[in-house]
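Participant: First the structure, which I've put down as structure tokens, then a few questions once you've had a look.
The values are calculated or read from the model by the stated rules, or taken from the named source; none is laboratory data. The structure displayed is predicted, hence computed values, not measured ones. A quick note on method: Cβ atoms are made from the backbone with ideal geometry, for glycine too, and the neighbour counts reach across all protein chains shown. Only protein heavy atoms, including side chains, enter the accessible area calculation; ligands, DNA and RNA are left aside. Shrake-Rupley method; radii C 1.70, N 1.55, O 1.52, S 1.80 Å.
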Amino acid sequence: MTERKIRIATTSLAGCFGCHMSFLDIDEKLALLNDRIEFNRSPLTDIKHCGPSDIGLIEGGVCNADNVRVLREYRANCAILIAVGACAITGGVPAMRNYFDLRECLEEVYLNGTGVTNPQIPSDAELPLLLDKVYPVQEVVKIDYFLPGCPPSADAFLQLLLPLLDGQKPHLAVNQLHYD
């Protein structure tokens, strides 16, 4: 009888996708994990919504209404939810806009920016509503674990995931707890 695979879902909110790239840096160890995990919603599967999952990995901060929707969907469907990287944990580089008024930012980019030829702030119903600032994910939903880094190393991902796959609590080594 084969053991049930652990179902993992991943997403990137307001971030650079570097944490996903670092996760892929697990390289050949991904093949070893293949016997133990399966991916639900993730860039690797192109599944559009998060279904029931054992572990959810969230990269990036929360900057718009769609990010809030996705994050709440993950919280509702993932037994364990993990904030991955500086942007998810603190807002990271995207949160630099928090020091400025949102209207001023939009005007600078779309009305007054260098090379703007048709000055207008986009207002299409297809575009998600921007939030007043970029929020860390734990300000929107409950997070179970945090994996710091910008991005976290592939080894840090393994150090967090392997105990979870065995039903144990992870313990990150001190040298993994940094934001560089």
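Participant: Taking springs between alpha-carbon atoms closer than 10 angstrom, which of THR11, THR45, THR114 fluctuates most in the Gaussian network model of the chain?
Facilitator: Ranking THR11, THR45, THR114 by mean-square fluctuation puts THR114 first.
Participant: Which residue, SER42, SER123, SER22, tops the fluctuation ranking in a GNM of the chain built on C-alpha contacts under 10 Å?
Facilitator: SER123
Participant: According to a simple spin-label model (label point 7 Å from Cα along Cα-to-Cβ), what is the distance in nm between ARG36 and PHE100?
Facilitator: 4.5
Participant: Also: For a quick size check, give me the Cα extents of the range 17-151 along its three principal axes, largest first, whole Å.
Facilitator: Result, largest extent first: 53, 29, 27 Å.
Participant: At a 1.4 Å probe radius, which order do HIS171, HIS20 fall into by accessible area, largest first?
Facilitator: The residues order as HIS171, HIS20, largest area first.
Participant: Quick check: at a probe of 1.4 Å, how many percent of the accessible area of the range 23-65 sits on carbon and sulfur atoms?
Facilitator: Result for the range 23-65: 54 percent of the exposed heavy-atom area is carbon or sulfur.
Participant: Moving to a separate point now. Please build a GNM for the chain, connecting alpha carbons under 10 Å apart, and tell me which residue among GLN168, GLN120, GLN138 fluctuates the most.
Facilitator: GLN120
Participant: How much accessible area per residue does the range 62-112 have, in Å², with a 1.4 Å probe?
Facilitator: Working: 2600 Å² over 51 residues.
I get 51 Å² per residue for this part.
Participant: For GLU3 and ASP46, what is the calculated FRET efficiency with R₀ set at 35 Å and r taken between the beta-carbons, to the nearest 0.05? Spell out each step's value before the answer.
Facilitator: Details: r = 26 Å, r/R0 = 0.75.
With R0 = 35 Å, the Cβ-Cβ based efficiency is 0.85.
Participant: For the range 41-57 and the range 121-170, what is the separation of their C-alpha centers, rounded to whole Å?
Facilitator: 13
Participant: Once every DSSP H run of n ≥ 4 in the chain is given -39500 (n - 2.57) and the sum is divided by its residues, what mean residue ellipticity at 222 nm do you get, rounded to the nearest 500 deg cm²/dmol?
Facilitator: The helix-only estimate for the chain comes to -8000 deg cm²/dmol at 222 nm.
Participant: Assign unit charges at the C-beta atoms only (+1 for Lys and Arg, -1 for Asp and Glu), then state the dipole size of the range 20-127 relative to its Cα centre in Debye, rounded to the nearest 20.
Facilitator: Result for the range 20-127 is approximately 320 debye, rounded to the nearest 20.
Participant: Rounded to the nearest 20 Debye, what is the dipole magnitude of the range 1-68 about its Cα centre when Lys and Arg each give +1 and Asp and Glu each give -1 at the C-beta?
Facilitator: Around 220 debye, computed over the range 1-68.
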